[in-house]
Structure formats: structure tokens, C-alpha cells
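See structure below.
The values are calculated or read from the model by the stated rules, or taken from the named source; none is laboratory data. Since this is a predicted model, take the numbers as computed values, not measurements. Here Cβ is always computed from backbone atoms with ideal geometry, including for glycine, and neighbour counts include all displayed protein chains.
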Amino acid sequence: MRITNFSTFALAATLLLGACSKNNDEDAQPDMVVPADPGPQAPSASDRVYTSDQSSNTVSVHDPNTNQLLGVIRLGKGRPQFLSPLYDRETNVHGMGVSPDGKTLGVIATLTNAVVFIDLATNAIKNTVYVDRNPHEGFFTPDGKQFWVTVRGADYVTVIDVEKMQAVKNIKTAPGPGMVVFRPDGKVAFVDHSFTAELDVVDVKTREVIARVPVVSKFSPNLAVTADGQQVWLTHKDVGKVTVVNAQTYAVEGVIDTGPGTNHVNLAGPGGGTRFSGAAAGDFAYVTVGGENAVKVYTRQRQLVATIPVGPNPHGVWPNGDGSKVYVGLEYGDALVSIDTKTNTKLSETPSGQDPNAIIYVVKAGGGSPGTGNLEAFVPVAPVNLRLVPVGTQPVPGVGGVAVIRPVEDVDELILALKRLAPNTNYTLYLSDNKTALVAPEPVIAFKTDAEGAVEVNAYYQIRLRLAGRFAVVVLGDKNPAGAVTLTQP
């Protein structure tokens, strides 16, 4: 009997070891064949700039040679469709990543948990893969065979097999992974987070975290890796900083105070430019600082060399093929801006889809043959930006905030983003005939600040028709007309 039990145990152990060995074999990845560094690539007629538009739920397609919006790829109806059941299409179009050959764009819709793959030669949707709660950003591996997407509502990165068009692996990370990019040698990936103050380094072959780098805050929405594989730059929107990490040793090289609302970062400069899998070359880092409506330029040694005014709340930033220009999406301006990196001056501003977030420049899009098929005409309407400041003061970055109003579908979208109010306190946004006292007040939206005195809320109704001769004011209390006026238009 004992022999039988031992034999049974041995057989079970053998089967278990065999199963584990099989799983390990399945998880183990062959050495990745990465493309050669293409070097600087001069602008061509087939280059395109794409923006992911979170309010109109479109991908805008721009010709950077003519500074023209060619049209949009519609992935869903404009907001506020998420207030009703969604049976098809996508909403909250947000992140993007392009394949190394420039033929396929992966687009992430955060609210419908979708990764949409678009053929850039035809602008047609090739396939859609659904993942777990609230994916945020993603990118193709340097060999183009996989698309890794951060699942911000969970604690892992999902690996999508591009040929099979299905999720094949979840890579455990810290909670709230925000973005993933790859070192150009294809050996490691870098993952920042929205809820955890660390940068995770993932071994691409074993698909395991091999280093956890502590950083200055828990909210990092964006990161970029240098094309020489030496540095990773990551932003911290909540505290207005950028951390620079050595991409070989994973040691923090330094932290920069960049300004309130620091959002995205990328590399550019003469002889630089976009490469593949989230890498870019150049001697300068370009950082969008939403609270200052500016792009700040730093050397690789973290020295500030320029501050470029660009427009309302710059968000995404990406260089062209040779680093001579960078392109910036204005989240509150619904426009695409170009910057000359030799003079660090703004060159152009082109209307775009509504609420552009991520942006990507694709050299020779669609393999050099980007078509205009499947593009929908789009007529942009400039949003209204109402700056709100403490009563009796002038605008100061990071104090007060803004009310942005844009038409979406058949209603108006109001985005109210404020900072440095009293923590955990009720306020109400009113329209008033007077900007320092409530006269003929009309309540727009009541809200409560968080523990840091900040708030970002949306409201939807016909508000633009009510703006003529009126002022936006923020009053203390929950729809209390007798409350003190706290913020007003300057």
C-alpha cells in the first residue's frame, strides 16, 4: 500500500513538474530580433500625425507637411454617450502606440476596455481586443509581434499577440500601471504607475519585474526612453515634476521641478527624432506643462533651456522623424501645435478633434502609402476657456483653474479643473451678472474637493447659450447663493 501511495505521489509530482515545465516553456520568449536604428529621417509626403481625441472619440489624422486636418477615424460617438448603455463602438479614446513598420496603430479606449488596431494605409479598423478594467497606454514590442497595454484599473500589463489578435499573458506589476515603453534593444520594458510611486522594469524575455525604482509621487501618466537606451524620463502630474532614471542601472539620476500639470515628455532636437516602441532620439527633452500652457525644454543633463507658450493645456508631445520639429496636442484648445526645435518657437496651430490626449508622429505612415479612405470630415469648433482665479488676484499657475466648454454631439461639455481650494469642501460653480458677487445667479454644477483641495468634474447641458454677458464664479457651499465668492474670472 505504501509503495502504491509513493508511486501515485511520484507520478503526480512528475505530472506537476511536467506541467510547470510546459508552462515555463510557454512563457519563455525567444531572443527578440529588433530593427536597426533608422537614424534621423527627413520629412516626407507620407508622414502623418495622429491624435487620440477623448471627447469626440476619434483619431485625428493630420498632414504635417501642409498643417492640415485630413479627417478623423471615428471610434464612437462623442461624449456623453457613456451616460447610456454602450452596445457597440468605443468611448474615452485615449492612448496610442504604432508598430515599428508604421503600418498599424493601436488605440486604447479606457472606458470600454478596448484596444483598437487600425490599418494606416486604409484607416480601417483591423480588429479590436478587449482587456480588463481601464486600460490606459500601450505600445508594440520592437519586433512588432506583440502589443503591451497597461491595465490601470488592475495591477498588470496585458500582452496581446498581434497575429492572433488575442490577449496571451498578464504581467504582474504594482497597482495602477500607467504606460509602457521598451528600451530599444528589446530586452526590458519600463512601466510607470498612477497609484504607486515606483517605476517597474520588466524583463521582456521572462515577462517578470526585475527592478522596482522608487519615484517621487504615485501618479505618473507618461514616460519616454532615449533611443541610445541610456535614460527613461517620466512625468509626475500631481506634483509637477519629472524623474530621470538611468535605463541601464535603474538608478535615479535626478528630479526636475517642471510645473503644475506636468503631463507628457519626449526627446527631440536636430539629428534626433522618433524611433520605435516609445523611444526617441535627441539632445533635449520636451515636457508639456498644462498648468502653465507651455512646453519646457531641458537638456539631457536636466537644465532648462526654453519655455515655449503654446496654448490651453498642452498634453501629448511627439517629435518628427529627424527631430527638427515636435508636435503638441492642446487638450483644452482642440488643436495640434508644431514647434521648431532649433529656435524653440511655436510654428503653427491646426484645429483637431476634441480633447486631444495622446499624440504620435508616424514616419511613412501605412508603409509609405497613407490613404484618405475611411476618414470622416470633421469641422472643429474652438472651445471656450474661462480662467478662474481667487478674487482680487491675477492668474498664477497651479492656483484656481479653468472651466472649458465645448459642443459635443447635441449638448455642451463643461470640464471644471481646479486646484488649491479648501480640502474636502463643497463648492458650486455659478453663472452671474457680476464677477465678484452673485447677481441673477444660475447654478451650473456643485462639487466637492478632494483631500488636496483639487477637483476635476464634467457636466453636460446647453451652457454656451447662457454665457453672453455672464461670468463664471465659484462659491463656497452646496448651491448656497449666500456663500462667499471664492474664484472668479480675472
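Counting residues in region 176-184 that are charged (D, E, K, R), assigned to a strand (DSSP E or B) and buried (at least 20 other Cβ atoms within 10 Å of the Cβ) gives zero.
Return yes or no: is I118 in contact with a Lys or Arg (Cβ under 8 Å, 6 or more places away or on another chain) and within 25 Å of G373 (Cβ to Cβ)? First the steps, then the outcome.
Values: in contact with a Lys or Arg (Cβ under 8 Å, 6 or more places away or on another chain): yes; within 25 Å of G373 (Cβ to Cβ): yes.
When the stated conditions are applied, I118 passes them.
Restricting the first member to region 214-227 and to residues that are over 23 Å from G97 (Cα atoms), and the second to residues that are small (G, A, S), the beta-carbon pairs closer than 6 Å and six or more apart or on different chains are V215/A197; S217/A197; K218/A197.
Condition test on S60, is it over 25 Å from E163 (Cα atoms) and either touching a Pro at 6+ places or on another chain (Cβ under 8 Å) or modelled with pLDDT of 95 or more (or both)? Considered against the rule, which asks whether it is over 25 Å from E163 (Cα atoms) and either touching a Pro at 6+ places or on another chain (Cβ under 8 Å) or modelled with pLDDT of 95 or more (or both), S60 comes out as yes. If you go through region 320-368 and keep only what is polar (S, T, N, Q) and either at negative phi or not assigned by TED's automatic domain parsing to the domain that holds V93 (or both), you end up with N320, S324, S338, T341, T343, T345, S348, T350, S352, Q354, N357. Selection of region 228-254 for residues being touching a residue at least 40 places away in the same chain (Cβ under 8 Å) and among the β-branched types (V, I, T) yields V232, T235, V242, T243, V244, V245.
Name the one entry in I405, I445 that is β-branched (V, I, T) and within 25 Å of G259 (Cβ to Cβ). Please lay out each step first, then the result.
Working: I445 fails: within 25 Å of G259 (Cβ to Cβ).
From the options I405, I445, the qualifying one is I405.
Close contacts from region 414-439, counting a first residue that is within 26 Å of G333 (Cα to Cα) and a second that is of a type in the set (K, R), with Cβ to Cβ under 6 Å and a gap of 6+ residues or different chains, come to T428/K479; L431/R466; L431/R470. Inside region 105-157, residues that are within 20 Å of the chain's Cα centre (by Cα) and among the acidic types (D, E) make up a count of 3. When T112 is tested against (1) part of a strand (DSSP E or B); (2) surrounded by 17 or more Cβ atoms within 10 Å (Cβ to Cβ), exactly one condition is not met: (1).
When region 351-379 is filtered for residues that are small (G, A, S), crowded, with 23+ Cβ neighbours inside 10 Å and not in a helix (DSSP H, G or I), the ones remaining, listed by number, are S352, G353, A358. Filtering region 288-319 to residues that are surrounded by fewer than 18 Cβ atoms within 10 Å (Cβ to Cβ) and either of a type outside the set (K, R) or assigned to a helix (DSSP H, G or I) (or both) leaves T299, Q301, Q303, L304, V305, A306, T307, P309. For region 19-30, the criterion of a residue being within 20 Å of the chain's Cα centre (by Cα), assigned to a helix (DSSP H, G or I) and at pLDDT below 80 is satisfied by no position. The numbered conditions (1) part of a strand (DSSP E or B); (2) surrounded by fewer than 22 Cβ atoms within 10 Å (Cβ to Cβ); (3) of a type outside the set (G, A, S) are all true for V157 except (2).
When you look at V404, is it surrounded by 16 or more Cβ atoms within 10 Å (Cβ to Cβ), over 14 Å from V49 (Cβ atoms) and either touching a residue at least 12 places away in the same chain (Cβ under 8 Å) or in contact with a helix residue (DSSP H, G or I) (Cβ under 6 Å, 6 or more places away or on another chain) (or both), yes or no? Give the steps one after another, and end with the answer.
Details: surrounded by 16 or more Cβ atoms within 10 Å (Cβ to Cβ): yes; over 14 Å from V49 (Cβ atoms): yes; either touching a residue at least 12 places away in the same chain (Cβ under 8 Å) or in contact with a helix residue (DSSP H, G or I) (Cβ under 6 Å, 6 or more places away or on another chain) (or both): yes.
Judged against the criteria, V404 is a match.
Name the single residue, out of those in region 243-262 being crowded, with 23+ Cβ neighbours inside 10 Å and either touching a Cys at 6+ places or on another chain (Cβ under 8 Å) or closer than 21 Å to I339 by Cα (or both), that is modelled with the lowest pLDDT. Across region 243-262, the extreme among qualifying residues is G261.
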